[in-house]
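Asks: Below are the structure tokens for one structure; questions will follow.
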Amino acid sequence: MLRSLIGGFDRTAAFVACALVVVLLGCVALGVVTRTLGNPLIWTDELSRFLMVWIAVFGWVLASRKRLHVRIRYFQDRLPPRAHRSVELAIQLALSLFGILVTWYSVVLVAKNHDLEATSLPISMAWMYVPMVLAGAVTAVQGATEVMQTLQPRRAAAIARDEAALE
């Protein structure tokens, strides 16, 4: 059941990311067309900024979930197995801490900006920071999950094989 929930979350995140890209393209195209016609819709610029933040965050979430985030493993891969595992644990613990901190500070930013209205849109500036709460939470949970997986020797070996196959 947990796997189906996680799969549903991943599919939903991918769908939302694609939908956001389509909306962004439409918004930018509308801005270009209205400027060309001499009567620009000023709100298209601000909406585009909001959408770009949301797209970046959903890209972050998708990359984290698929383990596609940037990792330079040159030195780690040259370590003996026990040291390699210890470094992996440290990295994932740091990633979890980072996710917790991002979540915490994002909640603070949302709270501080909830009463500020965007310049050309009738929405709160807090919506600029809302997706960061999700990204931080997903990062923290993903890091914690990978810590648990690294602590399970058979699972850690399977992950190492999968990563070797990707390279």
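The values are calculated or read from the model by the stated rules, or taken from the named source; none is laboratory data. For clarity, every value in this text was computed on a predicted model and none was experimentally measured. As a convention, Cβ positions derive from the backbone with ideal geometry for all residues, glycine included, and neighbour counts pool all protein chains shown.
Asks: Being free of Cβ contacts under 8 Å to residues at least 40 places away in the same chain and of a type in the set (Val, Ile, Thr) is the filter; apply it to the stretch 38-73 and report the residue that is nearest to residue 16 (Cα to Cα).
Replies: 55
Asks: Kindly evaluate residue 44 against the criterion of being in contact with a Pro (Cβ under 7 Å, 6 or more places away or on another chain) and within 21 Å of residue 120 (Cβ to Cβ).
Replies: Spelling it out, it is not the case that residue 44 is in contact with a Pro (Cβ under 7 Å, 6 or more places away or on another chain) and within 21 Å of residue 120 (Cβ to Cβ).
Asks: Go through the stretch 14-43 and report how many residues are closer than 21 Å to residue 119 by Cβ and either outside any helix (DSSP H, G or I) or touching a strand residue (DSSP E or B) at 6+ places or on another chain (Cβ under 7 Å) (or both).
Replies: Count: 4.
Asks: Confirm whether residue 165 is in a helix (DSSP H, G or I), at pLDDT 90 or above and over 25 Å from residue 48 (Cβ atoms).
Replies: Criteria not met by residue 165.
Asks: Further, regarding this structure: Just to check your reading of the model, which residue among 68, 25 is surrounded by 12 or more Cβ atoms within 10 Å (Cβ to Cβ) and either at pLDDT below 95 or over 16 Å from residue 121 (Cβ atoms) (or both)?
Replies: Unique residue meeting the criteria: 25.
Asks: Shifting gears a bit: Based on this model, can you work out whether residue 68 counts as among the aliphatic types (A, V, I, L, M) and over 16 Å from the mean Cα position of the chain (by Cα)?
Replies: no
Asks: Which one of 94, 56 is under 19 Å from residue 129 (Cβ atoms) and surrounded by fewer than 16 Cβ atoms within 10 Å (Cβ to Cβ)?
Replies: The conditions single out 56.
Asks: A follow-up question, please. Quick one: count up the residues across the stretch 28-53 that are in contact with a Gly (Cβ under 7 Å, 6 or more places away or on another chain) and either exposed (fewer than 14 other Cβ atoms within 10 Å of the Cβ) or among the acidic types (Asp, Glu) (or both).
Replies: Selection size over the stretch 28-53: 1.
Asks: Please go through the stretch 103-122 and pick out each residue that is among the hydrophobic types (A, V, I, L, M, F, W, C) and either modelled with pLDDT of 95 or more or over 18 Å from residue 54 (Cα atoms) (or both).
Replies: Across the stretch 103-122, the qualifying residues are 104, 107, 108, 109, 110, 111, 116.
Asks: State whether the residues of the stretch 100-108 include one that is aliphatic (A, V, I, L, M), in contact (Cβ under 8 Å) with a residue 40 or more places away in the chain, assigned to a helix (DSSP H, G or I) and closer than 30 Å to residue 3 by Cα.
Replies: yes
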